[in-house]
Amino acid sequence: MADETKTAKLTIGDKTVELPVFTPTAGPDVIDIRKLYGQAGVFTYDPGFTSTASCDSTITFIDGDEGVLLHRGYPIGELAEKSHYLEVCYLLLYGELPSPTELEDFEDRVTNHTMLHEQMMNFFRGFRRDAHPMAVMVGVVGAMSAFYHDSTDINDEWQREVASIRLIAKMPTIAAMAYKYTIGQPFVYPRNDLDYASNFLRMCFAVPAEDYVVDPILSRAMDRIFTLHADHEQNASTSTVRLASSSGANPFACIAAGIACLWGPAHGGANQACLEMLKEIGTPDRIPEYIARAKDKDDPFRLMGFGHRVYKNFDPRATVMKQSADEVLELLGVENNPTLQVAKELEKQALEDPYFSDKKLFPNVDFYSGIILEAMGFPTSMFTPIFALARTVGWISQWKEQLNDPQLKIGRPRQLYLGETQRSYTDIENR
Ligand code: SDX
């Protein structure tokens, strides 16, 4: 817990209360309002939590004004360039970069948990073939609590560790199976001789009729996309996982709740919505029409992949993703990808427009990711499942951190009630 460094005075009517102020290692001071209702009989009001810290954490830090993202203090650009996803998973989970032995042991543990209980295959067959893969992931991940009873007790540290490894290890298998089911192809089992990203690509794109050789370019790009999506402070889906966990729910139920929240187009669903928007725009000459719509208060349309609650500068993940898009598409021989050209021109025109620059609306992580994923062969419906796969380690790391917090209480916000005051029932014959 942070140390109290100063106090804030709040005067309401004839009452003045003093509230402790904590100074973090980075970011703005926070006012501790936990005793406010007891001392002053008032609530604070902050729908969307634009000015509210829901917890203290040591995992990830974002400086939205500077466009900085740190995982345990390491900048995302360095991790994307020099590290790889499972090493970033270790960093997020345990707080430090692993030694060679620690990394080998961690990767072995993950590799040896990638298979799914065989009976869980039946869940997939209960869905329509045209089910969105996110619907399948919500269902199957939630159902893991019905199969892995030996890792659902949140009060047992070893069971928490096993559940963490199982979720990180099995998410690619589940996502790949969700994809295979929707295209009517047989499931492909994971292989222990492949790295995490290569395994996922093979489970998605291999068919029994021929050998599948993983393209190292795609595998590196896939791994980098996983790293860029790993964790992001108290975003909506992470906050959902924390709130679900605060009631004591088992880890699989909590992660299923996070997947459900991530699906929304304002959050993780934006990568699918963004590519669909870019394709709807189609050609650069139609960009002004869509920018005008995004600026029109009477039009609900927004530029998908643009804007962010925290970043009021470039999302550093978008910067890396844009570079990766150029590299991957060139290596795949599709550098003249029309969708990428539209995206780059849209970004240029939007950032030159005062509406976007004044509101500090920049491309976010979802703006370029779909272009790479489509070039890699994924349908748009798989974009958010890939985000969920990658974010699982962030959800789990935050879940573990919260369970280790001695101050853990069930999350139970209050409200500003604007409804009817008490009144008596009227019999129907008198209405
Ligand atoms: C993710 O929180 C995270 O960390 C999330 C995430 C993660 O890694 O977990 O980073 C992943 O969810 C990225 C965001 C993906 N979503 C999108 O790309 C969808 C499009 N973006 C917007 O819906 C919006 O920007 C949000 C939801 C991302 C942020 O919304 P906020 O912070 O609530 O901001 P707001 O809606 O109050 O907008 C402020 C102003 C408004 O105009 P005014 O009412 O002040 O006049 O900016 C406008 C908005 O209308 N605005 C946009 C816009 N985004 C905001 N106008 C046009 N196009 C946009 N994309």
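Remarks
- For segment 254-268, the tally of residues that are surrounded by 20 or more Cβ atoms within 10 Å (Cβ to Cβ), near the ligand (Cβ under 8 Å from one of its atoms) and either more than 22 Å from Gln402 (Cα to Cα) or at pLDDT below 95 (or both) stands at 1.
- Filter pass, Asn271 being in a helix (DSSP H, G or I) and farther than 25 Å from Met115 by Cβ: yes
- Helices (runs of 4 or more DSSP H) fully within segment 301-371 that include at least 3 residues being modelled with pLDDT under 95 and under 17 Å from Ile217 (Cα atoms): 316-331.
- Only one of the numbered conditions (1) part of a helix (DSSP H, G or I); (2) touching a residue at least 40 places away in the same chain (Cβ under 8 Å); (3) surrounded by 19 or more Cβ atoms within 10 Å (Cβ to Cβ); (4) not polar (S, T, N, Q) is not met by Leu116, and that is (1).
- Matching option when the condition is in a helix (DSSP H, G or I), in contact (Cβ under 8 Å) with a residue 40 or more places away in the chain and either among the polar types (S, T, N, Q) or surrounded by fewer than 17 Cβ atoms within 10 Å (Cβ to Cβ) (or both), among Met137, Met121, Met144: Met121
- Candidate set from segment 235-253 (those that are surrounded by fewer than 20 Cβ atoms within 10 Å (Cβ to Cβ) and within 13 Å of the ligand (Cβ to nearest atom)); member that is nearest to Arg166 (Cα to Cα): Ser239
- Candidate set: segment 347-368, residues that are in contact (Cβ under 8 Å) with a residue 24 or more places away in the chain and farther than 25 Å from Phe226 by Cα; chosen: the one nearest to the ligand (Cβ to nearest atom): Lys359
- Counted as qualifying within segment 1-113 are the helices (runs of 4 or more DSSP H) with 2 or more residues that are under 29 Å from Lys409 (Cβ atoms) and touching a strand residue (DSSP E or B) at 6+ places or on another chain (Cβ under 9 Å), namely 36-40, 85-94.
- Any hit, segment 404-427, residues being in a helix (DSSP H, G or I) and away from the ligand (no atom under 13 Å from the Cβ): no
The values are calculated or read from the model by the stated rules, or taken from the named source; none is laboratory data. Note that the structure is predicted; figures quoted are calculated from it, not measured. Virtual Cβ from ideal backbone geometry, glycine too; neighbours counted across all protein chains shown.
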